Structures are given as structure tokens and as C-alpha cells.
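Just so it is clear, none of the values below were taken in a lab; they were calculated from the coordinates. These numbers were taken from a predicted model, which means no experiment stands behind them. When we count neighbours, we look across all protein chains shown, and the Cβ atoms used for this are built from the backbone with ideal geometry, even at glycine.
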Amino acid sequence: MVNTEKHDCKLSRHNSIKKATAEPKIIQREKTMVDAMILIYCKNHHGYSDVSCGKCFELGVYAKSRLENCRYQEKKPVCGRCGLTCYNVQNKDYAESVFNYAGPRMMFQHPMLGLHHFLDAFRNNNQLKKQSKKV
Ligand SMILES: [Zn+2]
């Protein structure tokens, strides 16, 4: 069984994204994506709905801290594209299951977010193509 710490589930996910900083738009969007995807996964796997369980909440905190410290910032590829190379081994596996599960569902549950993510990924493709030509 998954180790869910119930007392953590009361923590509002909004607390962690309230900071008004001049973050690049893509980082902000990716954070919202992370939250939304974790909620989809947690709802369908762990039975939580408005908040995520302890384990998923921790992944969200971790994922968002990785985003904040992402060395690419506004040039950041979407995390799937990046290969989650900045995640530690333990979180990487879990993040992969969450994002692989929730990714395709984003288009139906959060079409606007999904669309932006899709556009970001598309833009990354072009950037990566250009970069790989230069190298
Ligand atoms: Zn969960």
C-alpha cells in the first residue's frame, strides 16, 4: 500500500504558489500544471480530491522547488522534454508515473492549461531543433 499521511492532506496547495515573484511565465504555468496533474493522479489513485495526499503533496513541493531552481528559467523546456534530469532518483520515478498518467488527461480536465503546455512543448521543439543544429 501507498504510505499516505492523512494529516498532511489539510495543507492547502495554494499556500505554496502564493508568492508574487517575477517568475518567467513558463515556470508559473509549469507550476500550475504540476499542481493540476498531481491532483488528477491523487484523486484517481489515492482518493483525495481538493487537496493531494501527503506523498503527492511532497512531490508537488519538490517539483515546484525544482522549477524555481531550474537553470533554464524562461528558456526552460517543459519538464517532460527535459527528461526530469534535475529530479532525484526517488522523486523521478514517482513524478514520471504521475505525469505520464495525468498528462493526457490534462487536455480534458484543464483544456487551457493543457493547450499552453502543448504550445510550450511545441516551442521547445523548435528551440531544440535550432540548438542541435548549432552544436
Ligand atoms: Zn496522492
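Computed values, structure above
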read-out: Mean Cβ count within 10 Å, highest first, over the residues of peptides 49-58, 64-73; value: 49-58, 64-73
read-out: FRET efficiency for Thr85 and Val61, using Cβ-Cβ distance with R0 set to 25 Å, rounded to 0.05; value: 0.85
read-out: Subset of Lys43/Lys76; Lys25/Lys55; Lys31/Lys76; Lys55/Lys75; Lys43/Lys75 violating a 23 Å alpha-carbon distance limit; value: Lys43/Lys76; Lys25/Lys55; Lys55/Lys75; Lys43/Lys75
